[in-house]
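Have a look at the structure below, then the notes.
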Amino acid sequence: MPDVLDRGRHVHDLWRDPNLLFGQACGYPLITNDSLALHVIALPIYDMPGSTNSDATHASVLVARANDGRNSLSDYRDTRAAINDPQSNTGMNLFRATLAPIAEMNVFFASVVQTGSHRASVAAVAAGDADIAAIDTVTYATLMRHEPDLTALLKVVARSPASPTLPFVTSASTSIETIAALRFALQQVMADHCLADDRAVLGLAGIVTANVDALAPILTLEQSAIRYGYPDLR
């Protein structure tokens with residue numbers, strides 16, 4: 001086991017490291033990018049405001065400045081959107097799926113800026129550098145807890161369709177025996193009374209053992225946007 005968590009590299013590099021033992025990945029690139037060779041271990045169940053703690057799903061909230069005078073999602077046509085990453089499920093794919101029914105003619109926003117993180121997208125909207133962003137409910141609940149002065153500047157305009165939570169993963173080169181051990185360890189973590197406070201900090205209520213097939217609803221949301229004639233968030 002590694003002695004410490006690796007926070008020094010970009011997540012896309014970590015996901016491609018054949019020595020990756022345990023991590024958490026975004027489901028959208030995992031099922032749409034063939035260069036990601038990862039095994040899905042399990043899906044987390046969250047107990048956070050805005051999350052569904054009965055299963056391993058969550059959603060995104062579309063947030064804007066509280067005082068911008070707009071009232072509905074359609075009012076944000078021709079405004080500026082912020083996304084954390086074009087390969088993000090909650091920051092882009094769910095954003096696109098929410099807009100697709102009203103987008104029309106393939107273009108909705110005047111511009112789309114990439115910020116690099118959900119927190120940076122929230123900050124961009126709050127500062128007036130963007131007008132709207134999609135933030136996953138777990139991240140947004142965490143920001144409400146730890147940075148209330150920041151989220152107080154925002155309002156929730158809409159909520160996206162539900163989607164599988166970000167899976168716990170390991171490298172595709174990890175042995176079957178190690179994958180079984182990782183799943184057992186996660187189950188023990190979720191049941192250990194001594195770790196109750198740690199789980200509460202992370203908003204973790206449990207796990208569902210899963211494989212990559214559990215992420216199929218993410219692809220369904222992409223295909224739905226394409227059918228609406230809105231293949232790209234723009």
Inset, instruction - Give me the pairs, please: first residue somewhere in the range 105-134 and at negative phi and free of Cβ contacts under 8 Å to residues at least 40 places away in the same chain, second residue anywhere and surrounded by 17 or more Cβ atoms within 10 Å (Cβ to Cβ) and of a type in the set (D, E, K, R), beta-carbon distance under 7 Å, and either six or more positions apart or on two chains. - result: ALA110/ARG80; SER111/ARG80; VAL113/ARG80; GLN114/ASP85; HIS118/ASP136
Legend entry - Residue selected from the range 86-114 under the condition more than 15 Å from VAL63 (Cα to Cα) and among the hydroxyl-bearing types (Ser, Thr, Tyr), by the criterion most open to solvent (accessible area, probe 1.4 Å): SER111
Inset, instruction - Might you check whether a residue that is more than 18 Å from the chain's Cα centre (by Cα), within 29 Å of SER35 (Cβ to Cβ) and surrounded by fewer than 17 Cβ atoms within 10 Å (Cβ to Cβ) occurs anywhere in the range 160-173? - result: yes
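Which residue is surrounded by the fewest Cβ atoms within 10 Å (Cβ to Cβ), if the candidates are limited to the range 130-142 and must be under 18 Å from PRO44 (Cβ atoms) and in contact with a Phe, Trp or Tyr (Cβ under 9 Å, 6 or more places away or on another chain)?
Of all residues in the range 130-142, those under 18 Å from PRO44 (Cβ atoms) come to 135-142.
Pick out the ones that are also in contact with a Phe, Trp or Tyr (Cβ under 9 Å, 6 or more places away or on another chain) and you get 137-138, 141.
On the way: THR137: 25, VAL138: 25, ALA141: 21.
Among residues in the range 130-142 that are under 18 Å from PRO44 (Cβ atoms) and in contact with a Phe, Trp or Tyr (Cβ under 9 Å, 6 or more places away or on another chain), the one surrounded by the fewest Cβ atoms within 10 Å (Cβ to Cβ) is ALA141.
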Inset, instruction - Return yes when LEU5 is touching a Leu at 6+ places or on another chain (Cβ under 8 Å) and either farther than 22 Å from PRO161 by Cα or of a type in the set (A, V, I, L, M, F, W, C) (or both) and no when it is not. - result: no
Legend entry - Residue ID - nearest to ILE45 (Cα to Cα), chosen from residues in the range 143-153 that are of a type outside the set (D, E, K, R) and open to solvent by 50 Å² or more (accessible area, probe 1.4 Å): MET144
Inset, instruction - Tell me which of these PRO49 doesn't satisfy, since it passes every other one: (1) open to solvent by 70 Å² or more (accessible area, probe 1.4 Å); (2) more than 22 Å from ILE179 (Cβ to Cβ); (3) touching a Leu at 6+ places or on another chain (Cβ under 7 Å). - result: (3)
Inset, instruction - Please go through the range 54-72 and pick out each residue that is polar (S, T, N, Q), modelled with pLDDT under 95 and crowded, with 17+ Cβ neighbours inside 10 Å. - result: THR57
Inset, instruction - Looking only at the range 223-230, decide whether some residue is closer than 30 Å to MET105 by Cβ, open to solvent by less than 60 Å² (accessible area, probe 1.4 Å) and of a type in the set (Phe, Trp, Tyr). - result: yes
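The values are calculated or read from the model by the stated rules, or taken from the named source; none is laboratory data. The structure displayed is predicted, hence computed values, not measured ones. In this analysis, Cβ positions are derived from the backbone assuming ideal geometry, glycine residues included, and neighbour counts consider all displayed protein chains. What goes into the accessible areas is simple: the full protein's heavy atoms, side chains included, and nothing from ligands, DNA or RNA. Shrake-Rupley method; radii C 1.70, N 1.55, O 1.52, S 1.80 Å.
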